Amino acid sequence: QGTVSGDEARVYVDRAQGGLDRLAQILTRMSEATRLEQSIGEAEFEQLDLALLVRGCVEGYRSAYAPHTFVVDAPSEAIVMRGAPDLLAQMLDKLVANAVEFGVPERPIEVRVERAGGVARVAVANEGPPLPEALADRLFESMTSARDEAHRGGATPHLGLGLYIVRLVAEAHGGSVKAENRPGASGVVVTVTLPLA
């Protein structure tokens, strides 16, 4: 009859505890997503200047993410749309946090907002590793993240809620989002397209 040594028992206990911790984090993330969906449904929409909102957010990121640097390309004239300012700011927060995490620290994060006909486009680009091809179509689902590949087997589950939130906010404004590798450069650009007022 086999016996389990103290060291082996500790390994089993640690594995079980790790599994419980991961499950708890998954449940926390799922409840966060549910709360966010509810808050989007209750958000107050108003006329706003998207270019001004983006410039203001980027100023905040300069200090929050120092020493990371930011290049912002936003027109001085207003880009007027109907939207929920808090949600749009949260969407930009998630885009920038994602770019900072995957970006090369010495290279700036590029944030661009522009008008193109009846829509506005907000793009956040970073230098760094390309998107895994297998994930490109699933990146904005609630339980998908490019970090899964890099941290496979790690203790912390990365459920990709940041980009899921981006998708929810874009769709709540009648818009869409896509992620693609930067043409002719290393790195990724995520672009949100939003209809104008």
Check: Is it true that Leu36 is more than 30 Å from Ser186 (Cα to Cα), open to solvent by less than 80 Å² (accessible area, probe 1.4 Å) and among the hydrophobic types (A, V, I, L, M, F, W, C)?
Finding: yes
Margin query: Please count how many residues of the range 176-197 are modelled with pLDDT of 90 or more and polar (S, T, N, Q).
Written below: 3
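In this structure, does Ala43 turn out to be small (Gly, Ala, Ser) and within 23 Å of Val190 (Cα to Cα)?
Values: small (Gly, Ala, Ser): yes; within 23 Å of Val190 (Cα to Cα): no.
It is false that Ala43 is small (Gly, Ala, Ser) and within 23 Å of Val190 (Cα to Cα).
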Check: In the range 39-59, which residue that is over 20 Å from Arg112 (Cα atoms) and buried (at least 16 other Cβ atoms within 10 Å of the Cβ) is farthest from the chain's Cα centre (by Cα)?
Finding: Ala43
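Against the condition over 21 Å from Val119 (Cα atoms) and in a helix (DSSP H, G or I), how does Glu106 come out, does it pass?
No, not satisfied.
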Check: For the range 60-102, which residues satisfy the criterion of being within 24 Å of Arg115 (Cβ to Cβ), open to solvent by 70 Å² or more (accessible area, probe 1.4 Å) and either polar (S, T, N, Q) or modelled with pLDDT of 95 or more (or both)?
Finding: Val71, Asp73, Ser76, Arg82
Checklist line | Positions within the range 98-119 being in contact with a His (Cβ under 8 Å, 6 or more places away or on another chain) and either over 18 Å from Ala179 (Cβ atoms) or touching a residue at least 60 places away in the same chain (Cβ under 8 Å) (or both), in sequence order | finding: Gly103, Pro105, Pro108
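The values are calculated or read from the model by the stated rules, or taken from the named source; none is laboratory data. Predicted model, so just to flag it, every value in this text is computed and none were measured. Glycine also receives a Cβ, built like all others from the backbone with ideal geometry; neighbour counts cover every protein chain displayed. Surface accessibility is based on the protein's heavy atoms, side chains included, excluding ligands, DNA and RNA. Shrake-Rupley method; radii C 1.70, N 1.55, O 1.52, S 1.80 Å.
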